[in-house]
Amino acid sequence: MTNKEKNFISAVIYVHNDEKNIGSFLQIVMNILEEHFEHSEIICVNDYSQDSSVEIVRRISSEAETTTVTVLNMSYFHGVEVAMNAGMDLAIGDFVLEFDSCVPDFAPQEIMRVYKKALEGYDIVSASPDKKQRFTSNIFYSVFNRFTDFSYKLYTERFRVLSRRVINRISSMNKSVPYRKAVYANCGLKTMNLRYPTVGGCLDKEDKTERKYRADLAVDSMILFTEVGYRFSVTMTVLMMLVAIFVAVYSAVIYLFSTPVAGWTTTIFFMSFAFFGLFGILTIIIKYLQILVDLVFRRKKYSFESIEKITK
């Protein structure tokens, strides 16, 4: 008989119109938890599903023997970030598994592999499919990782496990931050990303509401957590400065060695320097906005990975 883990494990599963996958997915998670843990719970966050997802959850959960299954029904569509925060607030486990989607493209033992890695001293261990990312996801993460100062790089993740220590820490941070993965990457604790070979032919579901939400979330996160806007503004200001210098020299040459149309030189001078001034003002405004974002959303008093007592 397998010796079961003594730690209490919670699993928070995001559910939104997942009737095609939630049955098999919930069965996989439930079987793993009951096989390997003495105490476990599953929290299914129903983000205003309009299909039979909740009925399937109720049917599958009736087969549970030692695992407690709870359905948290959101009153309207909130999106994965807010809905998962609600589920995390309800979870009581020593470790919490987060499943942002019900895509069962991993072998069941991957859940335990991620958990075992967390026992090695990692507070956040995520699992990513070992396959090529979507084109849009690849662009987002490449730009995001390029223009942030996070030491932990972000990837497409299927699920992750969090220790109670990291949960307690992020609960004291700003809860209005709209992107959990950025909070995790910025919390200062040890993180690890594991790759797993995909199994089956499961694809992400095509829900228009959720797809639009995730696209908006990507844009908001890019603005809040990266310097893309400021870098673009600075680049355009430099380009306009070079254009203004070129136009000024060109106008002076025309004025001295040719016969320009009356008022042409002063008009060109004015327009070139006006555009340069406009982009310069926009750069200053964007910089001020970035500072405000840092103060409101990204500020933290301090963070540390661990405390080591050298002497007794």
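The values are calculated or read from the model by the stated rules, or taken from the named source; none is laboratory data. Here the structure is a predicted model, which means the values were calculated and not measured. Cβ coordinates were reconstructed from backbone atoms using ideal geometry, including for glycine residues, and neighbour counts include every protein chain displayed.
Quick notes on this structure:
- Matching residues in the stretch 291-312 - criterion: being part of a helix (DSSP H, G or I) and either at pLDDT 70 or above or of a type in the set (Ser, Thr, Tyr) (or both): Leu292
- Complete set of residues in the stretch 217-236 that are over 19 Å from Gly79 (Cα atoms) and free of Cβ contacts under 8 Å to residues at least 12 places away in the same chain: Phe232, Thr235
- When residues of the stretch 199-216 are limited to those that are surrounded by fewer than 16 Cβ atoms within 10 Å (Cβ to Cβ) and modelled with pLDDT of 80 or more, the one nearest to Asp123 (Cα to Cα): Val199
- Some residue of the stretch 253-271 being closer than 22 Å to Lys287 by Cβ, in a helix (DSSP H, G or I) and either modelled with pLDDT under 80 or of a type in the set (Val, Ile, Thr) (or both): no
- First in the stretch 175-199 and outside the structural domain of Val103 (by TED's automatic domain parsing) and within 14 Å of Leu162 (Cα to Cα), second anywhere and crowded, with 17+ Cβ neighbours inside 10 Å and hydroxyl-bearing (Ser, Thr, Tyr), Cβ under 8 Å, 6 or more apart: none
- Filter result (under 22 Å from Phe225 (Cα atoms), at pLDDT 90 or above and small (Gly, Ala, Ser)) within the stretch 138-168: Ser142
- All conditions in (1) over 29 Å from Tyr155 (Cβ atoms); (2) in the same structural domain as Pro178 (by TED's automatic domain parsing) hold for Ser101, with the sole exception of (1).
- Which numbered condition Val82 misses (of (1) closer than 15 Å to Asp100 by Cβ; (2) in a strand (DSSP E or B)): (2)
- Residue match in the stretch 123-146 (condition: assigned to a loop (DSSP other than H, G, I, E, B) and at positive phi): no
- Residues of the stretch 1-16 satisfying the condition of being assigned to a strand (DSSP E or B) and either of a type in the set (A, V, I, L, M, F, W, C) or under 18 Å from Gly200 (Cα atoms) (or both): Ile9, Ala11, Val12, Ile13, Val15
- Among the residues of the stretch 160-169, those that are crowded, with 22+ Cβ neighbours inside 10 Å and either among the β-branched types (Val, Ile, Thr) or in contact with a Leu (Cβ under 6 Å, 6 or more places away or on another chain) (or both) comprise Val161, Val166.
- Any chance Glu81 is in the same structural domain as Thr191 (by TED's automatic domain parsing) and within 20 Å of the chain's Cα centre (by Cα): yes
- Scanning the stretch 10-36 for residues that are buried (at least 22 other Cβ atoms within 10 Å of the Cβ) and over 23 Å from His78 (Cα atoms) gives Val29, Leu33.
- Considering residues of the stretch 22-80 that are small (Gly, Ala, Ser) and within 20 Å of Ile92 (Cα to Cα) only, the residue modelled with the highest pLDDT: Ser40
Residue-by-condition table, conditions (1) in the same structural domain as Lys208 (by TED's automatic domain parsing); (2) more than 25 Å from the chain's Cα centre (by Cα); (3) assigned to a strand (DSSP E or B); (4) not charged (D, E, K, R):
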{"position": "Asp18", "(1), (2), (3), (4)": "yes, no, no, no"}
{"position": "Tyr48", "(1), (2), (3), (4)": "yes, no, no, yes"}
{"position": "Asp51", "(1), (2), (3), (4)": "yes, yes, no, no"}
{"position": "Arg58", "(1), (2), (3), (4)": "yes, yes, no, no"}
{"position": "Thr66", "(1), (2), (3), (4)": "yes, yes, no, yes"}
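- The single condition from (1) crowded, with 18+ Cβ neighbours inside 10 Å; (2) more than 30 Å from Ala218 (Cβ to Cβ) that Val80 fails is (2).
- Taken together, Ser163, Ser126 contain a single residue that is assigned by TED's automatic domain parsing to the domain that holds Pro197, under 13 Å from the mean Cα position of the chain (by Cα) and under 22 Å from Asn7 (Cβ atoms), which is Ser126.
- Residue match in the stretch 144-158 (condition: assigned by TED's automatic domain parsing to the domain that holds Ile32, closer than 22 Å to Tyr14 by Cα and out of contact with any helix residue (DSSP H, G or I) (no Cβ under 7 Å at 6 or more places or on another chain)): yes
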